[in-house]
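The values are calculated or read from the model by the stated rules, or taken from the named source; none is laboratory data. The shown structure was predicted, so the numbers you read here are calculated from the model rather than taken from an experiment. Here the Cβ is made from the backbone with ideal geometry for all residues, glycine too, and neighbour counts use every protein chain on show. For accessibility, only protein heavy atoms count, side chains too; no ligands or nucleic acids. Shrake-Rupley method; radii C 1.70, N 1.55, O 1.52, S 1.80 Å.
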Amino acid sequence: MISLTDLKMNFGNKSLFENSSITFDPGKCYGIVGANGTGKSTLLRLISGDEIPVSGKISVPTKINIGVLRQNHFQFENITVIDVVLTGKPELFDAIREKDKILQSVNFDNETGIRLGQLEEKIAEEDGYVAEPFAAEILSGLGIDSQYHTGPMSRLSGGYKLRVLLAQLLFQQPDVLLLDEPTNHLDIISIRWLENYLSSQFQGTLFVISHDRNFLNAVASHIVDIDYEELRLYNGNYEQFLESKLLAEAQKLKEFETFERKTAEMQAFIDRFRAKATKARQAQSRVKQLDKMEIPEIKRSSRISPSFYFEQSRHSGRTVLTVNNLCKSFAEKNVLKNISFEIQRGEKVCIIGPNGIGKSTLLKILLDKISADEGNFDWGYETKISYFAQDHHEQLDGKINSFDWLYSFAPHESIGIIRSILGRVLISGDEALKQVSTLSGGESARLLFARIMLERNNVLILDEPTNHMDLEGVEALGDALKKFEGTVVFVSHYRHFVENVADHILEITPNGIRNFFGNYNEYLEKFREDHLERNISISSKKSHSKKIDVQQKKLSFKERKNIKHEISKLNKQTTRFEILVEETEKKISEIESKFGKENFFQSATREEVKKLQNEKERLNQKLSGYLKQWETLLHNLENAKEQLEQ
């Protein structure tokens, strides 16, 4: 059990959180959320002991094993990938290495035999005889092909090296696991694997920071919200946390409005009757009551969304891009084959497809960063392109501060304009003087979008634009892109973002491209291939469709009849709970209307108010239960309908 007591932490002169006390239970998963810069990563470092709080106490059991993802892959460059993972358990790794050395030795005496027995015992205690298959399973789950397992770490790119370090951490199987944005360097398939591993196999306590609401919904049993300069614990996943927080904030606002109305009424009474002898005593009584009333504390939320706004200096031609039969191979691997499509002005195009199909490769060809083996493409009349790279270091480098970096792209603009745009992406004051190399992932992403806002081009090409951004930033970006009158071409594994932005889907397949004009939900209705559901890869795609065909043939007449009966039953139950929800919401609304009536709290007795408050709380609990049952029934109904359609 880990506990925080009266914890206070600052960053420079800025207060992150104070007077915060929470107890974390073993075996639970805690998602940590909050705006960029509120102290999410700082909280992880406090738990790991890498930082010390300003005041307060952090209690961690003495013999607990805490696992932290370190970005120290440079020290493993000449070690095989599988051995890097095995070093997650250093005592086991050393025992295996010493055992191998002894077995390869020519000299084998009695003392050597005794030592070998000790090593065998140690390896058995640490499950060493299944260690290598387990390590290989984790590596494969995180998207590292088996052909790389026995090769040196140096053969992998930076993003894949971080996956190896994540595999090392998972292999370690710590009592407490601390993960800071673990999905940033993962693709859809490996994110899905990680979700399953953390929710079904990991037995310890998990603390995870993520901007991916789907990931948090899948793994989190609790949410730690950093806001209003405090830590607050909520039960449930991210969606349940949002519902609870919005309800609490609405209640606080209502209390404040009630307080303001009540004080205004009392002050009006005092002003009216203070001078009248017959009412002077009552007026004085109101003055005393007014003095004793405590003003409800309304703290300012630290959740501030960036204000993205994209505009174009001039329109492009009607046809923005024409692509004809593009092909690209790397060595013997065919990545793109016969890719042809057109994009029209104003479209918001999302490029999707299974892992490894070449989505980012296609973007780089269109930007002339790499060349195609065959085919051609043609950008339309007056197209001007802004590019957001998945790796921010491609565009942010050098010893230059944020202001000077942005100013270098538009030296003709005034200082006020540059400062204004930086302010819109939440980089203001002295923060604009920070070197770009020291910026966090979220700050880097927002700075790149500040440049795109400044460029005012009519085509935006975005490669995984939501990586590193907090949830508020992702929502703001999606809204701004929808309002943008120009053209957007993007790759993203974040389903919620794709659903919100895209109106044209380009699915890359091994044999070409599937061109669909419509949003992602409409695409799913037609093709039923959910590449953002994180469970389809190139190798499994064909077998997945074959499996569905087999299931279709096996559905007998009797089975179809039973499913239809189940659908009828679920329809009735769903309708019943919809009525219960509607009736309960109506009763709650009636109570809130009473509370909102003028002079209600003056005319009603304390017992009447308390009775209504208790009734409202009881109804809210019933409503929550009804909604959960309704959602479960609706989910079962949809599954039954899908099964019948197969």
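If I stretch the segment between Thr112 and Asn614 completely, what's the gain in nm (0.36 nm per residue apart, minus their alpha carbon distance), one decimal?
Numbers: separation 502, 0.36 × 502 = 180.72 nm, distance 7.53 nm.
So the extension gain works out to 173.2 nm.
How many percent of the alpha carbon pairs in the chain exceed a separation of 43 Å? Can you show the working numbers first?
Values: 79321 of 208335 pairs.
Cα-Cα pairs of the chain separated by over 43 Å account for 38 percent.
Over region 118-192, with a single point scatterer placed on each C-alpha, what log10 of the ratio I(q)/I(0) does the Debye formula yield at q = 0.16, 0.18, 0.20, 0.23 1/Å?
-0.65, -0.79, -0.93, -1.12
Heavy atoms only, probe 1.4 Å: what % of the accessible area of region 198-249 goes to carbon and sulfur, would you let me know?
On the way: 930 of 2010 Å².
Ligands and nucleic acids excluded, carbon and sulfur give 46 percent.
Which residues make up the longest stretch of the chain that has no chymotrypsin sites (Phe, Trp or Tyr not before Pro) in a DSSP loop with at most 11 other Cβ atoms within 10 Å? Please list the in-between numbers first.
Working: sites that count: Phe108, Tyr381.
Free of exposed loop sites, the longest segment is 109-380.
Which three extents, in angstrom, do the Cα atoms of region 349-430 have along their principal axes, listed largest first?
48, 32, 25
Can you tell me the orientation of helix 415-424 relative to the chain, as the angle in degrees between its alpha-carbon axis and the longest Cα principal axis, to the nearest 10?
90 degrees
In what sequence, highest mean first, do 462-472, 44-54 appear when ranked by Cβ atoms within 10 angstrom? Write down the numbers at each step before the final one.
On the way: 462-472: 22.7, 44-54: 15.7.
Those peptides, ordered most packed to least, come out 462-472, 44-54.
Can you give the angle from 0 to 90° between the axis of helix 238-273 and the longest principal axis of the chain, with both taken from C-alpha atoms, to the nearest 10?
20 degrees
When the chain is fully extended, how far beyond the present Cα-Cα distance does Ser55 get from Glu590, taking 0.36 nm per residue of separation? All intermediate terms of the calculation are to be shown ahead of the outcome.
Working: separation 535, 0.36 × 535 = 192.60 nm, distance 4.64 nm.
Value of the extension gain: 188.0 nm.
Label points 7 Å out from Cα along the Cβ direction at Val581 and Glu98: separation in nm?
6.2 nm
Rounded to the nearest whole Å³, what is the per residue volume of the convex hull around the Cα atoms of region 62-193?
Expressed per residue, the convex hull around the Cα atoms of region 62-193 is 125 Å³.
Evaluate the charge dipole of the chain about its Cα centre and quote only its size in Debye, nearest 20, assuming +1 on the Cβ of each Lys and Arg and -1 on the Cβ of each Asp and Glu.
Working: 86 positive and 93 negative charges, 488 e Å.
Computed about the Cα centre, the dipole is about 2340 debye.
Between their Cα atoms, which of Lys569/Lys641; Lys364/Lys483; Lys252/Lys288; Lys572/Lys628 are more than 18 Å away from each other? Don't jump to the answer; show the numbers that get you there.
On the way: Lys569/Lys641 12 Å; Lys364/Lys483 26 Å; Lys252/Lys288 25 Å; Lys572/Lys628 16 Å.
Lys364/Lys483; Lys252/Lys288, as the Cα separations exceed 18 Å there.
Nearest 10 degrees, 0 to 90: what angle lies between the long axis of helix 471-483 and the longest principal axis of the chain (Cα atoms)?
Taking the Cα atoms of the chain, the angle to 471-483 is about 90 degrees.
Might you tell me the accessible area per residue for region 356-515, computed with a 1.4 Å probe and given in Å²?
On the way: 6350 Å² over 160 residues.
Ligands and nucleic acids excluded, the figure is 40 Å² per residue.
What FRET efficiency comes out for Asn571 versus Leu246 if R0 is 41 angstrom and r is the Cβ-Cβ distance? Round to the nearest 0.05. Could the numbers behind the result be given before it?
Numbers: r = 30 Å, r/R0 = 0.74.
The value I calculate is 0.85.
Ile22 versus Glu77, label points 7 Å from Cα toward the beta carbon: distance in nm?
3.9 nm
Mind checking which of Trp405, Phe516, Tyr228 is farthest towards the positive end of the chain's charge dipole, using Cβ charges of +1 (Lys, Arg) and -1 (Asp, Glu) about the Cα centre?
Of Trp405, Phe516, Tyr228, it is Tyr228.
Report for the chain the percent antiparallel among DSSP-assigned beta bridges with both residues inside it, nearest 5.
Bridges in the chain are about 55 percent antiparallel.
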